[in-house]
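Each remark here refers to the structure printed beneath this line.
Where a number appears in this text, it was derived from the coordinates with a stated rule and is not lab data. Quick caveat: nothing in here was measured; it's all calculated off a predicted structure. We place every Cβ from the backbone using ideal geometry, glycine too, and count neighbours over all the protein chains shown.
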Amino acid sequence: MLETLQHMGNLLSLGNFLVLLLGSVGGIFFGAMPGLSPTMAVALLVPFTFYMDATTGLILLGSVYTSAVAGGAITAVLINIPGAPASIATLLDGHPMAKKGEGQQALYIAFVGSLIGGVCGVLALILLTPPLAAFALSFGPSELFWVSVFGITVIAGLSDGRLIKGLFGGVLGMLISCIGYSPMLGEPRFVFHDTLISGIAMVPALIGLFAIPQVLDLAAEVHLQVTKNKYMPKKGVFWPTVRKFREWWKTVVIGNIVGIIIGIIPGAGGQVAGLINYDQARKMSKHPETFGTGEPEGVVASEVSNNATVGAALIPLLTLGVPGSPTAAVLLGGLLIHGLFPGPELFGKHADITYTFIAGMLVAQFFMCGIGLLFARYSHAIMNIPNLIMMASVVILAVIGTYCVQNNMDDVIVMFALGLLMYLGAKAEFPSAPVVLGVILGPIAEESFLRGKMIAETDVGVFSYFFTGGINLLFIALSVGSLAWGLYGEHSRHRKRQNAQAASAAAA
Amino acid sequence: MKKAILFCLVLLLGSVAGVAGAADPYPSSPISLIVAYTPGGATDFQARIVSMPAGEERYFGQPIVIVNKPGAGGMTAWNWCVEKGGKDGYTLVSYNMPHLIAQSIVSKPSFTADSFIPVANWGADPAVLIVPKKSPLKNVKEFVEYAKANPGKVTINGAGLYVGHHIATLQLEKAAGIKLTYIPEKGGTDAFQAVYSNKVMAGFNNLADAFRNTDNLNILAIADTKRHEFLPDVPTFQELGYDIDDASVNYRGYCFVKGVSQEAVDKAIKVAPAMFNDPMVVKKMKESGSPLKVMNNVETQKMFNSQKAKLEVLLKDLVKK
């Protein structure tokens, strides 16, 4: 801890300070662009750090990582496309808020939430690295499998009371994620056409499922709405909004815990943390029915925990060379290029660089928040864009974002096809979030199950491999609990609705 | 009259343009390098280092832009290059051996090793046999004896299917007469994590990554024909009496798709090896712990041929019908 504080001074050099500022602004932009995920942003910047000294280069990468995870909230709230995969859960309530004209508040909440989560994640990195690094190593195939099962139980919470349709969507998402070569067996699956040979990547699926139905909906309404609401920047809403965080302390605390744990687990990133915590917040809430209709607490839940993963993902990376998230894996390249190899040396021989980097990550959280809030102040400009222009811009963003993930035109076709399918699905009241959840968690569950099964068969057998061990049992218990709670909630809401209907029928 | 002047002008312009076109030596615009893996992976990372000086006059005189086309273990990119990639000399392809050949043999995609013209090789990363630090197996002899006593019970992992680590596992099984259970992981770092934490009993992994992590694991042997400068104390399998050659060594370099103009090939094979030996490239590769091995096009073609011959024998039983 003290070491980090001592190195805080190094950030005050003009060069480092400018890089920190530039990284934060650039990171928010990268995050807000659909398709330019934090992983992509860091990967594209690693070569630029060749020409910088190690400290400056790492400060740049760290600040971009932090801001890009948070910046995704902008597009999620304002135009209903997750700018970064981590902001999927943000749009569930963020966009409804924007539709009600509360986009500015939603973004204030998102960035203040990101700040809290980000700072807690970095504090975990500073204070708890040795015990948490050991914890990261205890996650093998069986543990990861149960974590993903726990994630899947969230479906009930994302289905808006349409449980069967939500489950159907989840299964569909998992099937979509199976397309392409099986990573474990090398067999092509569902490859009916060459376009599908490399499978359906996550980002094109995300963009297609959220952006295209959105555009088609706008198109369907375009003749109805002649005059659009004119939004003006609101004055004096910042402090009342921030003060509400006191009511949400439970969500914030749980969000940090979820984010830090998911962050250190190799193989699961901010998107999983955001969705899990969103569901927890909904279950703990006294008014779960408001979630999905513009509940600020939903935005808090998602943003706190997805930014808490950032610092936490660096814990196993810096100590063991095991990245806790895909973005951290790319950051490893940024360390290696300067001859910094993860391990004890990083905190001994290169302590100067490492602690300055961590201090930079801490300060970057505040830069990110400041820039984000400034942006939120002017977000009305985007909300005032006429629908026709908005539709065209969203389609252009969607195509560019999809194409640049793998430089593959086939992905663009897949994105449009999925979008059209989801539009028709949404007409029949199928929610889109469970499909996305299936796309994200399907591969993690499948691969870790098959890998675990292969290992178990050489050893203790599949049953005892998956059903013994503290972490396995803990996550099984959490999954069962989450499922039971979810089903109970659905049931009681259903009964309440029926009673209400019966009452109104009786009154009539 | 006006028409005649106009005609002459057009003719003149046309001929100037024609002359300019003919005199413009290759390359006159930036070149793309197709990398078959995600940004930030070892191949991408090294490709970016070695391609950095391309813009200098003495090399290509034009920058090389990295284009990532990940998917299906590399097949997406190589298929694309052969089927749809430009043959104008402005699309370089980065190959990974033995992945490219192994996949062309097993999965029968659109490409084979003969679809490509090697330009130059920049890297060679041998596979090493690693075990967790706490493992009771301290050398290859103990490892093989244990595997003989427990056929199929020894788990060994690597970065995926039909990559160098998988090939090395197949070679070890054959050379020592043992049966192992190979666990394909998502990538090299995932495979390391499973070994550190004792989730699997052993692994084949990149030498470059393993030598940085000797705090957490023991390196038993190298699957190459000679010892490596990074690990002078680690024996090769051949020294220990197991017939495992360099078929699994992960070679990386540039190639073109067949059909590219001779002018482009001539230029690239001349400047690429010199560029890989540029002092700045050598320094950055060394600092990042990436083993550099520069080979010209003739040596690279030889390596292609010998790896192909070896892998065809080794993978005979795995070929998909």
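Summarising the label geometry, the points placed 7 Å from Cα in the beta-carbon direction at B:Asp88 and A:Ala428 lie 4.6 nm from one another. Peptide B:75-81 has a mean shielding of 4, counted as Cβ atoms of other protein chains within 10 Å of each residue's Cβ.
If packing is taken as the average count of other Cβ atoms within 10 Å, what order do A:473-480, B:219-226, A:131-138, B:79-86 fall into, highest mean first? Spell out each step's value before the answer.
Details: A:473-480: 15.1, B:219-226: 20.9, A:131-138: 16.9, B:79-86: 18.6.
In decreasing order of mean packing, A:473-480, B:219-226, A:131-138, B:79-86 become B:219-226, B:79-86, A:131-138, A:473-480.
Counting each DSSP H run of 4 or more residues in chain A as -39500 (n - 2.57), what helix-only mean residue ellipticity at 222 nm follows after dividing by all residues, to the nearest 500 deg cm²/dmol? Mind showing how you got there, number by number?
On the way: 24 runs with 374 residues, N = 508.
So the calculated ellipticity at 222 nm is -24500 deg cm²/dmol.
Would you list the membrane-span-like helices of chain A, meaning whole DSSP H runs whose alpha-carbon atoms span at least 24 Å along their axis and whose mean Kyte-Doolittle value is at least 1.6?
On the way: long enough: A:14-32 (27 Å, 1.88); A:54-79 (37 Å, 1.65); A:103-127 (35 Å, 1.79); A:202-221 (29 Å, 1.52); A:296-320 (38 Å, 0.91); A:351-377 (39 Å, 1.42); A:387-406 (30 Å, 1.88); A:409-427 (28 Å, 1.43); A:433-457 (35 Å, 0.94); A:470-507 (55 Å, 0.03).
Those that pass (Cα extent of 24 Å or more, hydropathy at least 1.6) are A:14-32, A:54-79, A:103-127, A:387-406.
For the stretch B:127-222, what relative contact order do you get, as a whole percent, if you take Cα pairs closer than 8 Å and at least 6 residues apart? Spell out each step's value before the answer.
Details: 181 pairs, mean separation 44.9, N = 96.
Relative CO of the stretch B:127-222 lands at 47 percent.
The mean sequence distance of close C-alpha pairs (under 8 Å, at least 6 residues apart), as a share of the length of chain B, puts its relative contact order at 25 percent.
Residues whose amide H falls under 5 Å from that of B:Val119, counting only those 5 or more places apart or on a different chain, are B:Tyr254, B:Cys255, B:Phe256, with hydrogens built in the peptide plane.
Quick note on chain A: its Rg to Rh ratio, both from C-alpha atoms and Rh being the Kirkwood radius, is 0.97. Each residue of the stretch A:38-135 gets 119 Å³ once the volume of the Cα convex hull is shared out per residue.
What helices does chain B have that are whole DSSP H segments, at least 27 Å long along their own axis by Cα, and with mean Kyte-Doolittle hydropathy of 1.6 or more? Walk me through the intermediate numbers first.
On the way: long enough: B:2-23 (31 Å, 1.85).
Passing helices, by number: B:2-23.
Above 11 angstrom, tally the Cα pairs of the stretch B:126-165 and express them as a % of all pairs, no decimals. Above the 11 Å cut-off, the stretch B:126-165 has 70 percent of its Cα pairs. Calculated FRET efficiency, B:Glu56 to B:Lys286, Cβ-Cβ distance, R0 = 22 Å: about 0.65 to the nearest 0.05. Shown for the stretch B:127-222: lysine pairs separated by 8 or more places, or found on different chains, whose C-alpha atoms are under 16 Å apart, numbering 10.
Across peptide A:449-460, the average count of Cβ atoms from other chains found within 10 Å of a residue's Cβ is 4. Can you pull out the GluC sites (Glu not before Pro) in the stretch B:111-202 that DSSP calls coil and that have at most 15 other Cβ atoms within 10 Å? Passing sites in the stretch B:111-202 do not exist. Sites listed here are trypsin sites (Lys or Arg not before Pro) in the stretch A:150-229 whose DSSP assignment is loop and whose Cβ has at most 10 other Cβ atoms within 10 Å, and the list is empty.
Peptide A:321-329: average number of partner chain Cβ atoms within 10 Å per residue? Numbers along the way, then the final one.
Numbers: counts 9, 9, 5, 0, 0, 2, 1, 2, 7.
So the per-residue partner count for this stretch is 4.
Rounded to the nearest 500, what is chain B's calculated 222 nm mean residue ellipticity when only DSSP H runs of at least 4 contribute -39500 (n - 2.57) each, over all residues?
Numbers: 11 runs with 127 residues, N = 321.
Only helices count here, giving -12000 deg cm²/dmol.
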